[in-house]
Each structure stands twice: as C-alpha cells, then as structure tokens.
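Student: Quick one: the structure is below, and I'll ask about it shortly.
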Amino acid sequence: MRIGIIGAGGISDTHVRAAQGIDGVEVVAVHGRNPQKTAALAASAGARAYADLDAFLAHPMDIVAIGSPSGLHADQAIAAVRRGLHVLVEKPLDVTTAKIDALLADADRAGVKVGVFFQERMIPELVAIKQRLDRGELGDPLFISGRLDWYRPPEYYSRSTWRGTRALDGGGALMNQGIHTVDVLLWLFGPVRRVTGRTATRLHAIEVEDTASALLEFESGAFGTIHATTAAYPGYPRRLEITGTKGAIEHEEPARPAIVADAAPHRLVLQDFVDAVKTNRRPACDGAEGRRSVALIQAIYRSAKSGGSETP
C-alpha cells in the first residue's frame, strides 16, 4: 500500500513513522509548503518531495495522509479523492461542517474512503472503558466530564503562520487541542442533543479562544461537561470522569510529550485504515464520525456568541 504525505511539520513526521511501522506500507511521496522541511521528511522516508500539489497527486499512490494546517484539510482531501485516492486526515477533518460535507459528497461519488486520525480511540485504557460502557457495566449513563488544562507558551502561536487564526485553525483550545476530548466524549456517550458554551481569550494574543467551557445534553438524557484551555501553566494531564447508575470511572492520560513522541496510536489508526481499504469495510473513525466533533464545536462557538443553547 503506497502512502503519500501532505504536510512536512511535526505531525507529518509522526505519520511517516507510523507508516514505517506497518509491513507492506510504503511512503512514496511528500508534499509541503516549506521546501527544506519537505525534502528532509521525504529523505527520511525514501520518498519523492513535491512542491506542487497536482504533481504530488499524480504520483502513483493509494492513500494520502494529510497533516497540513486544519483549514486546508478538506480542499486538499477533495483534490485527492477526485483522483480516486483514499484520504486519512489529521484532526480536525476540517474547520467547518460545510467543507466537510463537500468532501464527504465527493468521496461518496468517487467510491473512496475518508478517515480521521482520532488515535485516542485506539488507546487501550479508553477502549476498555468503551467496552465496559457498551456492556452496561456502569448502568445507565449519567455524567461524563472532559478536563483539558494545558499550557502553550506564546511562541507556540507567534512562531506559526496558522495556529490561532480563524481561517486556518478554525478555533483554539477546542478546535485544535480539545477536539480529541470532544471526540472521545461522543464516542463513549453518543450524540449530543443540545449544548451551551462559553469561550474566552485569557492569555494569548490570538484570534480565537484559548479557554472554553460547555454543558452537553446527550440524546440518551445523560449530561456532560467539557472545559479546555491552553493557558493553564504549567499544563496538566487530560482527565475524564464517567458516572453511571452502577459505577464510575476516572481516567488520566499520560503526559503529552510521551504521547507526541510515540507514533504507536497513529500507527494503529493507519493500520486500521489500510485494512479497511483492503477489505472494503468502514474504518474505525470514518468521515461521518470525524464530522461530529466539528459540528459540536461549531455549536459551542455559536452558543458562546448567542448566549443560548444550540443544536449540533
């Protein structure tokens, strides 16, 4: 299975290392905006570097893994699926549901698969929690809480041409960092009926929020809360708290540097996607699943602006 990589930043390096850990998978081409980074990443994979997207997409390949700025995801993915290529996109699938819907429509017409790198669905402890919930061991769901008290220094945003911008990041602490937690809440407790949210920019000089909080009402009748920030110095592990009528579970993730340095969860997502392409089945997190977290975050943003409740 031949993989092409769009993007040459840190997350694309993770995608390359994930691919290199799977038998029968080869990275054959890399496209990026920075010539030096693109050449270096391509060299590390034994692949060809491309500055032009059309030329990159003309290279023989089967799957494109996209790790570019978030606001470019759907446009680049659409260009790939129109050439009959399957696409696996770094979170978020894009920053608006309108662009995601356009991508999914094109993928359906082309008969190709779309997946999202929501690798936390592959973490063994979270898989075990999901299985316990599905078996009813915690009884009827009551509450789920996701707390993301992270810290990003000012240069995290100031040294980037796209982070913290509305056009390319689509949002801040929720759309960029918190979206993994939003996806986990939806994965564990199902669809949300209504949401009320608040956002603020408390520390960083950016166009979008660095702090957000929301109250969720799930279709099951359960309640949920999420709060996310990149302004909590020095930063703390993400926490999940889940309560049902028969019990409760708390989960604290490992430190972020350890997760970022390890490509194993990304490799599991990519392996699943490769298998889905080979066997023509649905991937673990397909485009429809990837859309749900963006729809919920957009509803939180609308609620923060209107002051009322919104429907995802």
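A short reminder: the numbers here are calculations on the coordinates, not readings from a lab. Here the structure is a predicted model, which is why all the values come from computation and not from measurement. Cβ atoms come from the backbone with ideal geometry, glycine included; neighbour counts cover every protein chain shown.
Student: Eigenvalues of the Cα gyration tensor times 5, then square-rooted: what semi-axes does that give for the stretch 138-282, in whole angstrom, largest first?
Tutor: Numbers: eigenvalues 138, 100, 49 Å².
Result for the stretch 138-282: semi-axes of 26, 22, 16 Å.
Student: To continue, here is another question. Using the scaling law 2.2 N^0.38 Å as the reference, what is the normalised Cα Rg of the stretch 206-305? Don't skip to the answer; put the middle values down first.
Tutor: On the way: Rg = 17.1 Å, N = 100, 2.2 N^0.38 = 12.7 Å.
So the Cα radius of gyration is 1.35 times the expected 2.2 N^0.38 Å.
Student: Roughly how tilted is helix 179-189, in degrees to the nearest 10 and between 0 and 90, from the longest Cα axis of the chain?
Tutor: Compared with the principal axis, the helix lies near 60 degrees.
Student: If you put +1 on each Lys and Arg Cβ and -1 on each Asp and Glu Cβ, how big is the dipole of the stretch 1-124 around its Cα centre, in Debye rounded to 20? Walk me through the numbers before you get to the answer.
Tutor: Values: 12 positive and 13 negative charges, 21 e Å.
Using Cβ point charges on Lys, Arg, Asp and Glu, the stretch 1-124 gives about 100 debye.
Student: Let me have the relative contact order for the chain, percent, based on Cα pairs under 8 Å that are six or more residues apart.
Tutor: Working: 673 pairs, mean separation 61.9, N = 312.
The normalised contact order for the chain reaches 20 percent.
Student: Just want the ordering: Lys37, Lys113, Lys130, from fewest to most Cβ atoms lying within 10 Å of their own Cβ.
Tutor: Fewest to most other Cβ atoms nearby, the residues stand as Lys130, Lys37, Lys113.
Student: Evaluate the relative contact order of the stretch 35-182 (contact order divided by residue number), counting alpha-carbon pairs under 8 angstrom at least 6 apart; express in whole percent. Present the calculation step by step, with values, prior to reporting the outcome.
Tutor: Working: 151 pairs, mean separation 30.7, N = 148.
Worked out over the stretch 35-182, it gives 21 percent.
Student: Given Cα pairs under 8 Å that are at least 6 residues apart, what percent is the relative contact order of the stretch 190-312? Walk me through the intermediate numbers first.
Tutor: Numbers: 161 pairs, mean separation 37.6, N = 123.
The value is 31 percent.
Student: Among Leu103, Leu133, Leu93, which one moves the most in a GNM of the chain with springs linking Cα atoms closer than 10 Å?
Tutor: Fluctuation is largest for Leu133.
Student: While we're looking at this one, here's another question. Amide H to amide H under 5 Å from Arg193: which residues, 5+ apart in sequence or cross-chain, H placed 1.01 Å off N in plane?
Tutor: Here the answer is Glu217, Phe218, Glu219, since their amide H atoms fall under 5 Å of that of Arg193.
Student: Separate question: Work out, step by step, the length gained on full extension between Thr245 and Thr311: first 0.36 nm times the residue separation, then minus their alpha carbon distance; give nm to one decimal. Kindly include the intermediate steps, with their values, before the conclusion.
Tutor: Values: separation 66, 0.36 × 66 = 23.76 nm, distance 2.64 nm.
Result for the pair: 21.1 nm of gain on full extension.
Student: If I take R0 = 22 Å and measure r between the Cβ atoms of Ala105 and His59 in this structure, what FRET efficiency does the formula 1/(1 + (r/R0)^6) give, to the nearest 0.05? If you can, show how the numbers build up before the last one.
Tutor: Numbers: r = 25 Å, r/R0 = 1.15.
Approximately 0.30, to the nearest 0.05.
Student: To continue, here is another question. How far is it, in nm, from the label point at Asn34 to the one at Glu137 when both lie 7 Å from their Cα along the line to the Cβ?
Tutor: With each label point 7 Å from Cα toward Cβ, the separation is 4.4 nm.
Student: May I ask for the angle, rounded to the nearest 10°, between helix 124-134 and the longest principal axis of the chain, with both axes built from Cα atoms and the value confined to 0 to 90°?
Tutor: 50
Student: Using the crude model of +1 on Lys and Arg Cβ and -1 on Asp and Glu Cβ, and no other charge, please compute the dipole size for the chain relative to its Cα centre, in debye to 20. List each step's numbers first, then the result.
Tutor: Values: 36 positive and 36 negative charges, 60 e Å.
I would put it at about 280 debye.
Student: Now for a separate question. Note down the magnitude of the dipole of the stretch 212-312 about its Cα centre, charges +1 on Lys and Arg C-beta and -1 on Asp and Glu C-beta and zero elsewhere, to the nearest 20 debye. Mind showing how you got there, number by number?
Tutor: Details: 12 positive and 12 negative charges, 51 e Å.
Approximately 240 debye in magnitude.
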